[in-house]
1. Quick test for you: out of Y104, Y94, pick the one residue that is of a type in the set (F, W, Y) and within 13 Å of the chain's Cα centre (by Cα).
2. Test of understanding: among D202, D235, which residue is more than 20 Å from S103 (Cα to Cα) and in contact with a helix residue (DSSP H, G or I) (Cβ under 8 Å, 6 or more places away or on another chain)?
3. Tell me whether region 121-128 contains one or more residues that are polar (S, T, N, Q), surrounded by fewer than 15 Cβ atoms within 10 Å (Cβ to Cβ) and in contact with a Ser or Thr (Cβ under 9 Å, 6 or more places away or on another chain).
4. Which numbered condition in (1) outside the structural domain of P45 (by TED's automatic domain parsing); (2) among the aliphatic types (A, V, I, L, M); (3) more than 18 Å from the chain's Cα centre (by Cα) is the only one that L229 fails?
5. Where the second residue is of a type in the set (D, E, K, R) and the first is in contact (Cβ under 8 Å) with a residue 24 or more places away in the chain and lies in region 214-229, which pairs have Cβ atoms under 8 Å and are six or more apart or on separate chains?
6. Whether any residue in region 93-110 is at pLDDT 95 or above, under 20 Å from I188 (Cβ atoms), in a strand (DSSP E or B) and outside the structural domain of E35 (by TED's automatic domain parsing) is what I want to check.
7. Of the residues T143, T148, which is outside any helix (DSSP H, G or I) and either under 29 Å from K38 (Cβ atoms) or in the same structural domain as L192 (by TED's automatic domain parsing) (or both)?
8. For region 189-206: of the residues being among the aliphatic types (A, V, I, L, M) and out of contact with any Cys (no Cβ under 9 Å at 6 or more places or on another chain), which is farthest from E11 (Cα to Cα)?
Amino acid sequence: MLAKEVIELIESKAPKELALNWDNVGLQVGRLEKEVSKLGVALDPSLKVIEKASNLGVDFLFTHHPLFFKPINRVDGLVYEKLSLIFKNDMVVYSAHTNLDISYLNDALSSLYNLKDVEPLLDNGLGRIGTFKGSFEELLNITEENLTKPVVVGSCEEEEFKVAVLSGKGLTEELIKICKEKGVRVFISGDLTHHAKILAEDLDICLVDATHYHTEVYGLKKFIEELNLNFITLDF
């Protein structure tokens, strides 16, 4: 299978055009015409992941987070080590980031919680808001069984309430304010900070920090299953 054929399949489900304008999605390194024989997938293109891919003979590495977020002006340190391994093994590296969040990962989370009347949280398509029918305890059980044991701020006594989900980094002060304005009672995401916790307590909105990693890996696993290719998982 050619690298470009793998990419076409990924982009048929997570179009590059959906990515936010600051993001660096798509082909990171490599040749589109390369015949690839072993596919690997990871959340992050860390040195550890690239070393593992190299040892396993992976020649197409699909990651959620891009290899490069910003332009580089010199190649040394970790960048040099990563690229040396990639070039040595003639590896293709491809990333789908915010386009995958928008097209798939957030929907996977809203489906996990069986949210009703779902709509985007933000105008750019990130996040989802919907109604959860059940208790707060049931919601936490779903989180622990499918994602991880979360850090929880506050509680909710209702048996039906509005929930927001956002894969990755969502528990910021700005997004907590947006959730409050939209009537959200429980916000599930990752990367909670001290100041965001204090703000949520002041605004009486419940936070469920299921971590950046787990809120993204859950949907990434589902996405890989849907592609129906033999991907080797490298960091989950």
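The values are calculated or read from the model by the stated rules, or taken from the named source; none is laboratory data. Only a predicted model underlies this, so the values are computations on that prediction, with no experimental measurement involved. Every residue, glycine among them, receives a Cβ derived from its backbone with ideal geometry; neighbour counts consider all protein chains shown.
1. Numbers: Y94 fails: within 13 Å of the chain's Cα centre (by Cα).
Only one candidate passes the filter, namely Y104.
2. None of the others qualify; the one that does is D235.
3. In the first step, residues of region 121-128 are kept if they are polar (S, T, N, Q); the result is 124.
Retained after the next criterion (residues that are surrounded by fewer than 15 Cβ atoms within 10 Å (Cβ to Cβ)): 124.
Among the residues that remain, those that are also in contact with a Ser or Thr (Cβ under 9 Å, 6 or more places away or on another chain) are: 124.
Scanning region 121-128 turns up at least one residue that is polar (S, T, N, Q), surrounded by fewer than 15 Cβ atoms within 10 Å (Cβ to Cβ) and in contact with a Ser or Thr (Cβ under 9 Å, 6 or more places away or on another chain).
4. The one condition L229 does not meet is (1).
5. If the second residue must be of a type in the set (D, E, K, R), the pairs left are E216/D101; G219/D107; F223/K13; E226/K13; L227/K13.
6. Scanning region 93-110 turns up no residue that is at pLDDT 95 or above, under 20 Å from I188 (Cβ atoms), in a strand (DSSP E or B) and outside the structural domain of E35 (by TED's automatic domain parsing).
7. On the way: T143 fails: outside any helix (DSSP H, G or I).
Result: T148 is the single residue among T143, T148 that is outside any helix (DSSP H, G or I) and either under 29 Å from K38 (Cβ atoms) or in the same structural domain as L192 (by TED's automatic domain parsing) (or both).
8. Step one: of region 189-206, the residues among the aliphatic types (A, V, I, L, M) are 192, 196, 198-200, 203, 205.
Among the residues that remain, those that are also out of contact with any Cys (no Cβ under 9 Å at 6 or more places or on another chain) are: 192, 196, 198-199.
Values: L192: 31, A196: 35, I198: 40, L199: 38 Å.
Looking at the filtered set, the residue picked out is I198.
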